[in-house]
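Below: one structure, written as structure tokens.
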Amino acid sequence: MIYELREYTAVPGRLPDLIRRFNEHAVELLGKHGMEVVFISLTEFGPQTMGQVVYVLRHDSYDALERNWTSFFGDPRWIEAKRLSELDGPLVARLDRRILTPAPFAP
């Protein structure tokens, strides 16, 4: 089991649009393509307080992670949702991504 931490920093003024895209499309499609959303939030404290969506996905393996994202990005519904949500420009200024595995000392 591996976990993927993703941090999306919104283009200034576009956070509501990014949240709308997550609510209306992305979260459902992540599940459809084999990715379990373990946690999703807005940053409440820190340098990106006003414009960041952070979430954690669970994958069975690295191979599953690659298959899941390939399937997700190729989904016609995602392609259209992304296109329509970005008619006025991009929503994401920066994406940071980390792959995490449970530590041997974790409970």
**Request:** For the range 62-107, just say rounded, prolate or oblate: build the C-alpha gyration tensor, square-root its eigenvalues into a ≥ b ≥ c, call rounded for a/c under 1.5, and beyond that prolate if a/b exceeds b/c, oblate if not.
**Result:** oblate
**Integer Hz, Karplus 6.51/-1.76/1.60 couplings in order for the range 73-90, x for Gly and Pro** = 5, x, 5, x, 5, 5, 4, 6, 4, 5, 4, 5, 6, 10, 4, 9, x, x
**Packing-based exposure ordering (other Cβ within 10 Å, fewest first) of 39, 45, 72** = 45, 39, 72
**Request:** Determine, for 21, 58, the number of other Cβ atoms within 10 Å of each Cβ, and report the residues in order from fewest to most.
**Result:** 58, 21
**Request:** With a ≥ b ≥ c taken as the square roots of the eigenvalues of the C-alpha gyration tensor of the range 1-57, please select rounded if a/c is under 1.5 and otherwise prolate if a/b is larger than b/c or oblate if it is not?
**Result:** oblate
**Prompt:** Which Rg and Dmax, in Å, describe the Cα atoms of the chain?
**Reply:** 14.4, 47
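State the extension gain, in nm to one decimal, for the chain segment bounded by residue 86 and residue 38, taking 0.36 nm per residue of separation less the distance between their alpha-carbons.
The span from residue 86 to residue 38 would gain 14.6 nm if fully extended.
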**Complete:** In deg cm²/dmol, rounded to the nearest 500, the helical mean residue ellipticity at 222 nm of the chain, built from -39500 (n - 2.57) for every DSSP H run of length 4 or more, is -9500 deg cm²/dmol
**Asked** Tell me, how many Å apart are the Cα centres for the range 1-45 and for the range 65-107?
**Response** 8
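We did not get these values from a lab; they are worked out from the coordinates using the rules stated. These figures come from a predicted structure and were not determined experimentally. Methodologically, a virtual Cβ is constructed for each residue, glycine included, from the backbone with ideal geometry; neighbour enumeration extends over all protein chains shown.
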